[in-house]
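K.L.:
One structure follows; several queries about it will come next.
The values are calculated or read from the model by the stated rules, or taken from the named source; none is laboratory data. Everything numeric in this text was worked out from a predicted model, so none of it was measured. Methodologically, a virtual Cβ is constructed for each residue, glycine included, from the backbone with ideal geometry; neighbour enumeration extends over all protein chains shown.
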Amino acid sequence: MMSKYTQLSQHLYIHHGHINTGVLCDENRALLIDPSGISLQSTLNELGITEIDHILFTHHHRDSTSGFPLPKNVRVGVPTAEEQWFTDVETFWNDPKYRWHLYNCHPHNLMLAESILVSDTYSEGSQINWGAATISVLETPGHTDGSITYLVDVDDKRFAFTGDLIYDEGKIWELYSLQKGQQTTDYHGFLGARDELRESLEKVRQSSSDALIPTHGVVMNNPDTAIDKLFDKIDYCYDKYVSISALRHYFPNLFTEFEGRSDHMPIRQGKPPPDFLRHFGTTWIIISESKEAFVMDCGSPNIIIQIQQLQEDEEISNVTQFWVTHYHDDHVNAIPEFQETFPCETITDTVVADVITNPKAYRLPCISPAVTRIDRATTDGDVWTWNEFTMTASHFPGQTYYHGGLLVEGRGVRMFFAGDSFTMAGIDDYCAGNRNLLGDGVGYNQCLTLIQELNPTHIFNCHVDPAFDFSDEEITFMLGTLEEREKCYTDLIPWDHANYGMDEQWIRCHPYEQEVTCGNTVHISVEITNHSDQPSKAMARPILPTSWKEDIDTIETTIPSKSNGNIQFSIQIPQQCDKIGRIVVPFDIIYNDIPLGQFREAIFVINEG
């Protein structure tokens with residue numbers, strides 16, 4: 001294998017694999033910064049390195065910490081704030097709070113598959129003397145909560161190893177790691193870590209480094225220009241987010257600095273809902289002239305009590321149909337109890353059905369382990385009659401990709417039940433993990449185009465009492481803003497489309513989690529969404545536990561433009577497993593000849609059988 005490296009000074013080299021690894025040399029020995037990937041060994045061989053006695057990691061993400069075998073007796077140094085995610089990562093993988101009801105993205109699940117030994121932890125002001133170099137530590141959160149930067153003073157120069165704070169001039173590796181709550185949970189914090197990122201990069205700027213070396217990206221020899229361009233772009237992207245954000249309705253105090261902006265969409269006034277509707281929690285109920293009830297979503301047992309009270313008060317007779325808008329836990333947690341209490345037909349969109357009938361197969365924000373029975377899965381345009389109303393179902397990838405919309409016509413109104421996809425202030429795209437895709441015919445472009453076509457008299461959000469609607473001018477403004485976002489977000493990341501930086505699930509394992517038995521064969525698919533305008537080549541390989549003594553070859557596929565593809569694997573579980581319980585199986589990914597390292601993972605829950 002040919003090596004690829006750059007010499008920055010007499011003693012410092014950068015290996016360019018799927019990430020940049022710093023190689024600080026002292027004759028035949030080396031200190032490594034963020035070693036990852038097997039290709040690193042070829043560079044070490046070319047440089048005549050036969051001894052590695054010190055390793056430093058900037059942050060805990062698996063794509064920059066795995067794949068290079070750690071030598072015995074090597075000193076390993078990590079950020080103090082992230083020590084647990086190196087030395088006791090099993091506490092993450094085995095804790096249900098990091099698996100279900102996910103409203104926080106920190107720590108992120110891009111974790112080591114297994115713990116490693118750590119000898120040193122570093123925080124602000126720590127210093128390491130090694131060979132001809134002095135290394136100082138800055139705490140620089142942003143990409144992760146505990147990220148640090150190593151300032152390497154060697155050969156009369158200073159080099160800043162910044163982790164994933166910055167990729168290149170005006171670019172970052174991806175957007176979804178900046179999801180961070182400020183006054184609320186991470187779930188509501190799109191680009192919420194931008195202030196931390198700014199403070200950290202300003203700290204790096206003040207260090208007067210000659211060059212920035214990112215984990216992902218290119219060496220930057222003009223740090224001031226690189227940082228200033230990134231600040232300008234992030235500020236512009238955030239403004240284009242705020243201008244049509246539904247979150248302005250829920251949390252106006254988050255956006256006081258933007259008040260009075262004439263170039264942002266005004267917040268509409270609500271309108272009263274028709275008198276045959278009832279709203280409890282996240283549940284809307286339609287009451288027909290026959291007093292039958294059509295119920296949407298059930299996130300709490302209190303909803304069941306409320307419905308029973310309506311029956312006692314003779315406002316309704318029976319619940320005869322039940323619609324599920326989307327998979328989020330506050331909409332589905334109590335569905336199993338609801339279905340036992342009200343044995344009616346349960347209907348939802350096909351894409352939603354796949355999640356809520358098998359939630360273990362997914363790892364998504366706000367996901368619930370509750371399993372829902374679905375009697376009818378709908379596709380776009382499916383129509384049926386319920387009492388005096390005509391129902392038309394649509395796939396509606398708004399607040400989340402896994403979402404349905406329902407048009408209800410009757411009694412002189414055209415009501416559109418949009419789940420959580422809109423408020424009077426705009427669109428609910430404040431969590432990148434929900435897969436809010438940008439582009440023509442996808443995501444909110446698809447949703448707004450449908451609303452414009454259907455022209456409902458009332459739009460309903462599951463969390464909002466009043467109904468509302470949008471004017472043609474407002475829909476046009478939102479569509480135009482989404483088009484501008486597609487451009488400016490693409491310009492912020494090193495990919496040919498914004499969705500690679502927005503859509504954390506563009507590569508995902510399906511099923512994400514499954515129970516397997518020793519000696520059996522398990523089947524798993526690596527699902528890939530090609531967001532590009534041209535066909536893309538993808539390669540994947542599972543990284544199995546070393547004790548299994550089995551390697552599986554890389555499999556390659558070509559995915560047409562703007563479509564989904566997959567790579568299928570069959571994995572034989574050993575007859576005698578040395579570990580029973582949860583096993584993390586990372587997948588090494590190469591996309592369009594760009595190695596991504598151990599980019600995604602699946603969970604096997606192993607039983608003895």
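K.L.:
Considering only the range 198-232, state which residues are under 23 Å from I19 (Cβ atoms), out of contact with any Phe, Trp or Tyr (no Cβ under 9 Å at 6 or more places or on another chain), among the small types (G, A, S) and not in a helix (DSSP H, G or I).
P.N.:
Residue satisfying the conditions is S207 alone.
K.L.:
For the range 281-299, which residues satisfy the criterion of being buried (at least 19 other Cβ atoms within 10 Å of the Cβ), under 22 Å from P336 (Cβ atoms) and under 36 Å from the mean Cα position of the chain (by Cα)?
P.N.:
Listed by number, the residues that qualify are T282, T283, W284, I285, F294, V295, M296, D297, C298, G299.
K.L.:
Of the residues S317, S368, which single one is under 19 Å from Y402 (Cβ atoms), small (G, A, S) and out of contact with any strand residue (DSSP E or B) (no Cβ under 6 Å at 6 or more places or on another chain)?
P.N.:
One residue alone meets the criteria, S368.
K.L.:
L112 is checked against (1) within 18 Å of the chain's Cα centre (by Cα); (2) surrounded by fewer than 17 Cβ atoms within 10 Å (Cβ to Cβ) and fails just one. What number does that condition carry?
P.N.:
Evaluating L112 over (1) within 18 Å of the chain's Cα centre (by Cα); (2) surrounded by fewer than 17 Cβ atoms within 10 Å (Cβ to Cβ) leaves (2) as the failure.
K.L.:
I would also like to ask the following. Which one of the conditions (1) surrounded by fewer than 18 Cβ atoms within 10 Å (Cβ to Cβ); (2) closer than 21 Å to D496 by Cα does D553 fail to meet, given that it meets all the rest?
P.N.:
Status for D553: all satisfied but (2).
K.L.:
Are there strands (runs of 3 or more DSSP E) fully within the range 384-423 with at least 1 residues that are farther than 26 Å from R363 by Cα and of a type in the set (D, E, K, R)? List them.
P.N.:
404-410, 413-417
K.L.:
Sticking with this one: From G146, G142, G125, G192, which residue is of a type outside the set (A, V, I, L, M), without any contact (Cβ under 8 Å) to a residue 40 or more places away in the chain, in a loop (DSSP other than H, G, I, E, B) and in contact with a strand residue (DSSP E or B) (Cβ under 9 Å, 6 or more places away or on another chain)?
P.N.:
Details: G146 fails: without any contact (Cβ under 8 Å) to a residue 40 or more places away in the chain; G142 fails: without any contact (Cβ under 8 Å) to a residue 40 or more places away in the chain; G192 fails: in contact with a strand residue (DSSP E or B) (Cβ under 9 Å, 6 or more places away or on another chain).
Within the list G146, G142, G125, G192, the selection yields G125.
K.L.:
Among the residues of the range 102-155, write down those that are among the charged types (D, E, K, R) and in contact with a Ser or Thr (Cβ under 8 Å, 6 or more places away or on another chain). Can you show your working first?
P.N.:
First, pick out the residues of the range 102-155 that are among the charged types (D, E, K, R): 114, 120, 124, 139, 145, 153, 155.
Within the range 102-155, E139, D153, D155 meet the criteria.
K.L.:
Could you list, in sequence order, all residues of the range 73-101 that are within 17 Å of E513 (Cα to Cα), in a loop (DSSP other than H, G, I, E, B) and in contact with a Ser or Thr (Cβ under 9 Å, 6 or more places away or on another chain)?
P.N.:
W100, H101
K.L.:
Can you tell me which residue is farthest from G433 (Cα to Cα) among those in the range 178-207 that are of a type in the set (S, T, Y) and surrounded by fewer than 24 Cβ atoms within 10 Å (Cβ to Cβ)? Spell out the reasoning first.
P.N.:
Of the range 178-207, the ones of a type in the set (S, T, Y) are 184-185, 187, 200, 207.
After this cut, where a residue has to be surrounded by fewer than 24 Cβ atoms within 10 Å (Cβ to Cβ) as well, the list is 184-185, 187, 207.
Working: T184: 16, T185: 13, Y187: 8, S207: 34 Å.
The qualifying residue farthest from G433 (Cα to Cα) is S207.
K.L.:
Sticking with this structure for a sec: Restricted to the range 236-250, and to residues that are in contact with a helix residue (DSSP H, G or I) (Cβ under 7 Å, 6 or more places away or on another chain) and part of a loop (DSSP other than H, G, I, E, B), which residue is surrounded by the fewest Cβ atoms within 10 Å (Cβ to Cβ)?
P.N.:
For the range 236-250, the residue satisfying everything is S243.
K.L.:
In the range 20-39, how many residues are crowded, with 23+ Cβ neighbours inside 10 Å, within 32 Å of the chain's Cα centre (by Cα) and farther than 15 Å from A160 by Cα?
P.N.:
Counting residues in the range 20-39 that are crowded, with 23+ Cβ neighbours inside 10 Å, within 32 Å of the chain's Cα centre (by Cα) and farther than 15 Å from A160 by Cα gives 2.
K.L.:
Here is a follow-up. Assuming I603 fulfils every condition listed in (1) modelled with pLDDT under 95; (2) closer than 24 Å to K360 by Cα apart from one, which condition is it?
P.N.:
(1)
K.L.:
How many of the residues making up the range 349-386 are crowded, with 18+ Cβ neighbours inside 10 Å, of a type outside the set (V, I, T) and in contact with a helix residue (DSSP H, G or I) (Cβ under 7 Å, 6 or more places away or on another chain)?
P.N.:
7
K.L.:
Tell me, yes or no, whether the range 91-107 has at least one residue that is buried (at least 21 other Cβ atoms within 10 Å of the Cβ) and at positive phi.
P.N.:
No, the range 91-107 contains no residue that is buried (at least 21 other Cβ atoms within 10 Å of the Cβ) and at positive phi.
K.L.:
Using the structure shown, decide if K233 is in contact with a Gly (Cβ under 6 Å, 6 or more places away or on another chain), crowded, with 22+ Cβ neighbours inside 10 Å and either of a type in the set (K, R) or in the same structural domain as L448 (by TED's automatic domain parsing) (or both).
P.N.:
On the way: in contact with a Gly (Cβ under 6 Å, 6 or more places away or on another chain): yes; crowded, with 22+ Cβ neighbours inside 10 Å: no; either of a type in the set (K, R) or in the same structural domain as L448 (by TED's automatic domain parsing) (or both): yes.
Spelling it out, it is not the case that K233 is in contact with a Gly (Cβ under 6 Å, 6 or more places away or on another chain), crowded, with 22+ Cβ neighbours inside 10 Å and either of a type in the set (K, R) or in the same structural domain as L448 (by TED's automatic domain parsing) (or both).
K.L.:
Let me ask you something else. May I ask you to verify whether G405 is surrounded by 22 or more Cβ atoms within 10 Å (Cβ to Cβ), under 21 Å from Y176 (Cα atoms), of a type in the set (G, A, S) and at pLDDT 95 or above? Steps first, answer last, please.
P.N.:
Details: surrounded by 22 or more Cβ atoms within 10 Å (Cβ to Cβ): yes; under 21 Å from Y176 (Cα atoms): no; of a type in the set (G, A, S): yes; at pLDDT 95 or above: yes.
So G405 does not fit the description; no.
K.L.:
Here's a follow-up. Could you please tell me which pairs satisfy a Cβ distance under 7 Å, a separation of 6+ or placement on different chains, a first residue in the range 84-103 that is farther than 14 Å from C366 by Cβ, and a second residue that is at pLDDT below 95 and buried (at least 16 other Cβ atoms within 10 Å of the Cβ)?
P.N.:
Note: pairs meeting the criteria are W85/P107; F92/P107.
K.L.:
Further question on the same structure: State whether the residues of the range 399-419 include one that is under 30 Å from S561 (Cα atoms), charged (D, E, K, R) and free of Cβ contacts under 8 Å to residues at least 60 places away in the same chain.
P.N.:
No, the range 399-419 has no match at all.
K.L.:
Failed condition for V442, given (1) in contact with a Leu (Cβ under 7 Å, 6 or more places away or on another chain); (2) among the aliphatic types (A, V, I, L, M); (3) over 21 Å from Q321 (Cβ atoms), with all others met?
P.N.:
V442 satisfies all of (1) in contact with a Leu (Cβ under 7 Å, 6 or more places away or on another chain); (2) among the aliphatic types (A, V, I, L, M); (3) over 21 Å from Q321 (Cβ atoms) except (1).
K.L.:
Right, another one. Just give me the residues in the range 63-72 being touching a residue at least 12 places away in the same chain (Cβ under 8 Å) and in a loop (DSSP other than H, G, I, E, B), in sequence order. Break it down into steps so the answer makes sense when it comes.
P.N.:
Initial filter on the range 63-72 (touching a residue at least 12 places away in the same chain (Cβ under 8 Å)): 63-68, 70-71.
T65, S66, G67, F68, L70, P71 - these are the residues of the range 63-72 that are touching a residue at least 12 places away in the same chain (Cβ under 8 Å) and in a loop (DSSP other than H, G, I, E, B).
K.L.:
Given the conditions (1) closer than 27 Å to L254 by Cα; (2) under 26 Å from the mean Cα position of the chain (by Cα); (3) surrounded by fewer than 24 Cβ atoms within 10 Å (Cβ to Cβ), report the number of the one that S471 does not fulfil.
P.N.:
It is condition (2) that S471 fails.
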